[in-house]
Every structure is written in C-alpha cells, then in structure tokens.
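Peer 1: Sharing a structure below in structure tokens format, with a few things to ask.
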Amino acid sequence: MSDPDQSTGPDAETLSVYDRKAAEYRDLTARSKIDPDLARFLKTLSAGSDVLDLGCGPGAAAAHMAAAGHRVTATDAAPEMVKLAGAHPGVTARLATFDDIDEVAAYDAIWANFSLLHAPRAEMPRHLAALRRALRPGGLFHIGMKTGHGEARDALGRRYTYYTEDELSGLLRAAGFTPTASRRGKDTGLDGTVAPWVTIAAHG
C-alpha cells in the first residue's frame, strides 16, 4: 500500500464518510455484543473511573462504560458521531481531533479503539505521547488498529494507516506505555471488507 496523500491532521474525506454514515455505523455497532476487550477493560477499572473514549464514533463503548458507573468523556472529529454519542445517558461527548487532547493526568483510562488508524503515520508518535500525558500514572490504555503495511484509502474513501503488531508495540513503548496483553482477529468493517486487526492493552 502506498501513501494515499501527503495531508496531515484530520482528513476531510474520512470525516465526511463518518458524518454521512453515522446512523448506519450506529446500527452496525448496536447489533454487536460487548467485545472481549471492552469487557476486560471494564473489569480492570476501579469504580467511578475517569475514562476517555478517543474517536468514540456513535458511542456504543462509551455507553457501556457510563452504564458501568464511570465518568466518560467521548471525543470524535465527526459532528454527527458526537451527536449520537452524546445521546447516551452519562456520556459527555465533545467535538475534538487527536490534536485537541492536551490534558495532563486527567484520565484513569483511555479507550482508543480503531480510531488512531486514521492518523497519518508521521503523527502517531506525537498523538501517543499526548495520550500518555493525559493518562494518570499506572492508568489503563487500550488501542485497536488494523494490521498491515503502509497507508491507503478504503472503498468508502477513508484514510487508513496500517501497522504490524511489533511496530505498534514499539511505538507504545517509545511513548512511555508498557504493553501487557494483545488480541488478534478479523472482522468485516463498514466498507464490507474483512480486515485483520490487533488490540493491545497497556499501562502508563
């Protein structure tokens, strides 16, 4: 896969797809059972934790977190996704890009589930460093990414950056995280394509 373009920061075409398909994505995630990673994430959290759901989409995971009694801040760069996420009881949703995460030691846990895969490769170290600063010492971090090499756009026009598990683990360590567990699989995405992925749990 080759670099689809040389742009940096939020990708207008990617955000446009998510705004147009927000309801469809909501219905897709609403049909899904709580995944093992989220179940483990919730089981690990202390009662009443402050949690950031980065790139929350329609807010399905954020809703589970809030229902479990946690204080949830859900961010997304697509306005329609923020509207859907904010409709869940107990979820505070706000419009924000990855660059807008500038808090220091504000969260007990951060859930970055298949969101940072839309960031340009050159910006990933900076984003991970910012998330590490936003996490309290010893806090829990979850990241999910599609695996592979290079950068490309999918059939819907969304920009993706792909990593191997070893590459992603190395980036996490460089940012100050300690990976503790990983899980691999394949799923059908919003574009109808089956893609491999990896999730990694880490501590700050």
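Peer 1: Normalised by the number of residues in region 124-177, what is the relative contact order in percent for Cα pairs under 8 Å and 6+ residues apart?
Peer 2: Relative contact order, region 124-177: 41 percent.
Peer 1: What distance in nm separates the two pseudo spin-label positions at A87 and T178, each 7 Å out from Cα along the beta-carbon direction?
Peer 2: Spacing of the two 7 Å Cα→Cβ label points: 4.2 nm.
Peer 1: 7 Å from Cα along Cα→Cβ at both D100 and A67: what's the point-to-point distance in nm?
Peer 2: The two pseudo-label positions are separated by 2.6 nm.
Peer 1: So, in the chain, how many Lys pairs have Cα atoms under 25 Å apart, if the pair is 8 or more places apart or on different chains?
Peer 2: Counting lysine pairs in the chain gives 11.
Peer 1: Report which label in (i) 43, 36, 30; (ii) 48, 37, 31; (iii) 45, 32, 31 holds the value of Cα extents along the principal axes in Å derived from the coordinates of this structure.
Peer 2: (i)
Peer 1: Full-extension gain between A152 and T164, please, as 0.36 nm times their residue separation minus the C-alpha to C-alpha distance.
Peer 2: Roughly 2.8 nm would be gained on extension.
Peer 1: Right, another one. Per DSSP H run of n ≥ 4, the term is -39500 (n - 2.57); total these for the chain, divide by its residue number, and report the mean residue ellipticity at 222 nm rounded to 500 deg cm²/dmol.
Peer 2: Result for the chain: -9000 deg cm²/dmol, rounded to the nearest 500.
Peer 1: Ok, one more. Provide the packing ranking of 39-47, 154-162, i.e. peptides ordered by the mean count of other C-beta atoms within 10 Å per residue, highest first.
Peer 2: In descending order of packing, they fall as 154-162, 39-47.
Bear in mind these aren't lab numbers, they're just calculated from the coordinates by the rules spelled out. Computed from a predicted structure; not experimentally measured. We place every Cβ from the backbone using ideal geometry, glycine too, and count neighbours over all the protein chains shown.
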